[in-house]
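The numbers here are math on the coordinates, done by the rules we state, and not lab data. Quick caveat: nothing in here was measured; it's all calculated off a predicted structure. Every residue, glycine as well, gets a Cβ built from its backbone with ideal geometry; the counts of neighbours run over all protein chains shown.
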């Protein structure tokens, strides 16, 4: 798995905004191509047992209109389900989650390859966006897309919690934070604001280990 950090380059990232009924929402888009048939990618993203292998355990009534809950993370309603191409869910976490939705679109390509596109749209408190920018959710999604890719290859990380404390994981998350800074700057954000957000996001996900005494 020595090439894990370089997999940051497999993902295309975009940052934007959109008006929704509850206000002005921030958007992040991730796009990556997997060497797997669209039916396999769809099944990996919708079958509870398979989801638990590369992402998190999930429970609930996993059908259109049903409710789902990821262990220790977000939950919500399944808003659209159009196999094997489109899945849209509300993505709610905490006591006052506000508006937050995630949509996954799969597009088949030749030679059993699949373009995976994820869009996360959320009304974010200004103080949180000003501090962290898109990396607050972007780094987490980068980790998710990494996990899905390794799983589809049959090359999973055995203990994700343990791996996230390694130098390799810290390097991946640092590179991810920087990549979201590039996308943030491309969206028109000022350079100083981007630099501060990248610094805060990197510190949040991949803090420097304590010095040996």
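Would you mind classifying the stretch 1-41 by shape? Square roots of the alpha carbon gyration tensor eigenvalues, ordered a ≥ b ≥ c; an a/c under 1.5 is rounded, otherwise it is prolate if a/b is larger than b/c and oblate if not.
Because a/c hits 1.5 or more and a/b fails to exceed b/c, the stretch 1-41 counts as oblate.
Given the C-alpha centroids of the stretch 159-213 and the stretch 109-152, what is the distance between them in whole angstrom?
14 Å
With only alpha-carbon atoms counted, please give the Rg and Dmax of the chain, in Å.
Rg and Dmax of the chain, Cα atoms, are 17.1, 56 Å.
Evaluate E = 1/(1 + (r/R0)^6) for residue 53 and residue 203, where r is the Cβ-Cβ distance and R0 equals 22 Å; express this FRET efficiency to the nearest 0.05.
With a Förster radius of 22 Å, E is 0.15.
Give me the mean projected area, in nm² to one decimal, of the convex hull enclosing the Cα positions of the stretch 88-213.
10.7 nm²
Considering only C-alpha atoms, what is the centroid distance from the stretch 1-35 to the stretch 68-107, in Å?
The stretch 1-35 and the stretch 68-107 have Cα centres spaced 16 Å from each other.
Describe numerically, in nm with one decimal, the distance between label points set 7 Å from Cα along Cα→Cβ at residue 33 and at residue 160.
Simple spin-label model gives 2.6 nm for this pair.
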